[in-house]
1. Kindly establish whether residue A:184 is modelled with pLDDT under 90 and in a helix (DSSP H, G or I).
2. Test residue B:261 against the stated conditions and say whether it is under 24 Å from residue B:434 (Cα atoms) and in a helix (DSSP H, G or I).
3. Out of the strands (runs of 3 or more DSSP E) lying entirely within the stretch A:273-333, which hold 2 or more residues that are under 25 Å from residue A:154 (Cα atoms) and out of contact with any His (no Cβ under 6 Å at 6 or more places or on another chain)?
4. For the stretch B:188-222: of the residues being more than 18 Å from residue B:80 (Cα to Cα) and hydroxyl-bearing (Ser, Thr, Tyr), which is surrounded by the fewest Cβ atoms within 10 Å (Cβ to Cβ)?
5. If I ask for residues that are over 15 Å from residue B:148 (Cβ atoms) and crowded, with 21+ Cβ neighbours inside 10 Å, which ones from the stretch B:86-103 would you list?
6. Checking residue B:76 against (1) farther than 30 Å from residue A:100 by Cα; (2) within 14 Å of chain A (Cβ to nearest Cβ): exactly one of these is not met. Which one?
7. Which one of the conditions (1) buried (at least 18 other Cβ atoms within 10 Å of the Cβ); (2) away from chain B (no Cβ under 14 Å) does residue A:93 fail to meet, given that it meets all the rest?
8. List the pairs whose first member sits in the stretch B:83-99 and is among the charged types (D, E, K, R), whose second member is part of a helix (DSSP H, G or I) and buried (at least 19 other Cβ atoms within 10 Å of the Cβ), and whose Cβ atoms are under 6 Å apart, counting only residues at least 6 apart or on separate chains?
Amino acid sequence: MPFIADLQKYKSLSIVGMDKNTGKTVCLNYVLSRLRNMGIKTAVTSIGIDGERVDQVFGSHKPEITLYEGMQFITSEKHYNTRQLLSKVIDVDTERTALGRLITAEVLCSGKVLLSGAGTTEKLRRQINAFENNNIDITIIDGALSRMSLASPSVTDAMILCTGAAVSPNIRQLIVKTRFTFDLINLPAIENHELANRLSQHTAGLWAVDNDGMIHDLEIPSVFLLEKSTQDIFSHGNTLYVSGAVSDKLLKYLSTKKNIAEQTLIVRDFTKLFVTPEVYAAYTKKGGRIQVLQQSKLVAVCLNPTSPHGYTIDSDDACLRLSEALGVPTWDVCKIKQ
Amino acid sequence: MLLKDVLAIENGFKYCIDELNIQSGVGRNYLMNLRWQTRPQDLELEWNFVEEILQQMLNSETQKLISKIQHKLGGIHNIKQTILNIENGDLLDDVQLFEVKNLALLSIEISALSEEAGLKHLFLVPDLSEVLSILDPDRNNIAHFYIYESYDPRLGEVRNNLKQLSNKLNDIRTTLSESEISDYEAQITEIYNLNQSIEEEVRKTLADKLSRHTLMLKAALERLAYIDLSIAKAEQAIKWQMSKPDTNHTHTAYTELFNPRLKHALTERKQRYQNIDIDIKEGVCLITGANMAGKTVLLKTMGIAQMLAQFGFFVPAKSANISLVDKVVFCIGDEQNEMNGLSSFASEILKINEVIQDSRRFKMMILIDEPARTTNPTEGKAIVQAIASTMNDKDSYTLITTHYSRLGIDCRKLRVKGFADSEITGTITPQNINQYMDYTLQEDTSDNVPHEALRIAEILNCDPQLIATAKNFLEN
């Protein structure tokens, strides 16, 4: 029974995919089937539209989610009315989504349902809190498309990363890409907790941190305006904090600076990094370092050997090589059930 | 005329509406559809309702209960569509039935709280206990809903079978072949469909039973929306120290009238706000005074207070005795519409023209800020004279601010006192100038207006050369 015991430590778990069709739903079904009978009160929801019977992008088969007696879930009114299970309504949200209001319900007899959830991570956070207040032990969020934002440690405590043939049918490429995401997830958190706490208060802009841990406003509201600024961003030392998104552009810009080997760039968490492997590699190779305020807890890496185009890779080989490359076990979601 | 139609007319009025602490969507909806009232007896009812709540809110114990009621009101959903569905005899799904049950439960809880608060006779929440008993057959009194087993004796057995089979499949799924799983799933689907068809029969019975209560459901929803709004009105009246107006047919008078938005903005900046007393009679009242003496604010505030009163709110004053009108018209001059190709003068004069025509049919409050100020002073003055003499014998209340003197019209004149020279101690800046202004209104029998424009320019430290040149021109 791989990694399930670890889940008891967390209040919330996100299941995110590196791409579509990387087996998030199969993985979720596995986790739910294991949590059943473990006496862990579980709630499930998703972000955005997901759980469609037929995949919205490729039109391929997509498994529904099986929920068990006693579990709670949130889905839209439309999907609630098409459920294939017995459940009771316990709350109805006033806000409307494209698929109607969000319904919170409790399963009376196990069966299948399509999940669709909140559109924003902010709303998701509120739902997780509400479940926690209702004595739910763990809330599991099914990711949509390749959205990573829900894996932010400010939203969910832990995550499962799904990868697979959909990312690349070439195992070597698949490993390179997965390894890159894995590295970002495992970026080290800054050691100074007190500083991390102070930095997290700043929700916008670019900030400098000097050697005494003092934070200085560089008065650049967004890193996208960096080039327009004439200010020396390293006048307070070599450490910068960016509260928002970080793109290739910023890393390239920083790579051109002469103090690149001494630089430390602090970001909120790995979901704020929108960088390509090449630019990231160039930045780190020159000596640049990236740290996060909060590190994400990666519980497991799961692999779906089948791509939506019908191509299947050798699962055993891929799992083995991924496990070696990442240094953590990787599970085939299709075989994990046995 | 509905509140939502006039909301955008004046920002200060919109501020008062936006600041109401309304809990429910139905309450906000009710607010937006409030009607402009012109009959004193209708308004008395509204104001008295607010007054009674307000009195109860002053008692801290009752206040707590009212807060609880507000919290419950926050859970009310707008289920008008569902009620319509019941009326049409449609079957309701679990979510809709949950919503009806939720309304029934909340209204019963609110009714109980209002009894505890001594407000039951006032709130008169329609009794939905029969609706609740339909949707809560097990008497759980919690807002959960599904088609309970107690609705139909067959449901228990069917669901037991369903559970047993599902659990068995879940337990042994990993040991089964694909086709064995399919067999199990087919059996489960069959039982599930049986369950659905029994549920369908129950839904029919429920729809039938509920259809006898649609009037009560509508009444409850409407009443709760009204209570929500009225509590918000009372809360605002206490917080802003507003008062319940009296009505009469001949004049409109306030003591310590204030403009809520401006007062709050100034208070926030720790600046002084001066309430004012005013009493106007039918016909025209000219308002004169130096620049920066708050004449425009006065016009706006008069309009806001009148509108609040006629939509059933308390007014921002210590006391008020008002004459009800058919409508309030603002000609404040921010309505220049270049998009229509009209100059500021053209759009202003067209608006005034409309007002004058309307005044033959309606009793109005007309607020005109410095009419004809954007054209040449010779004709401009004549236009103001014409407006004033035309409106003076109408039964509308026309307030006109102006800088033109010697209009020669026999109408009421009020003058803002203006600068209190004796008070000036330090340096005057555009930021603190309002500290030295006395906004008190006084009767003015002369036909002259204050000539303080240059003085104010001086106080504001404008170029001395400019001021000297202007004085030179003035003397010659």
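1. Working: modelled with pLDDT under 90: no; in a helix (DSSP H, G or I): yes.
In short, no.
2. Numbers: under 24 Å from residue B:434 (Cα atoms): yes; in a helix (DSSP H, G or I): yes.
Considered against the rule, which asks whether it is under 24 Å from residue B:434 (Cα atoms) and in a helix (DSSP H, G or I), residue B:261 comes out as yes.
3. Numbers: elements: A:289-292, A:297-304, A:330-332.
Here the list reads A:289-292, A:297-304.
4. B:197
5. B:86, B:96, B:99, B:102, B:103 - these are the residues of the stretch B:86-103 that are over 15 Å from residue B:148 (Cβ atoms) and crowded, with 21+ Cβ neighbours inside 10 Å.
6. Exception for residue B:76: condition (1).
7. (2)
8. Pairs found: B:99/B:82.
The values are calculated or read from the model by the stated rules, or taken from the named source; none is laboratory data. Values in this document were obtained by computation on a predicted structure and should not be read as measured data. In this analysis, Cβ positions are derived from the backbone assuming ideal geometry, glycine residues included, and neighbour counts consider all displayed protein chains.
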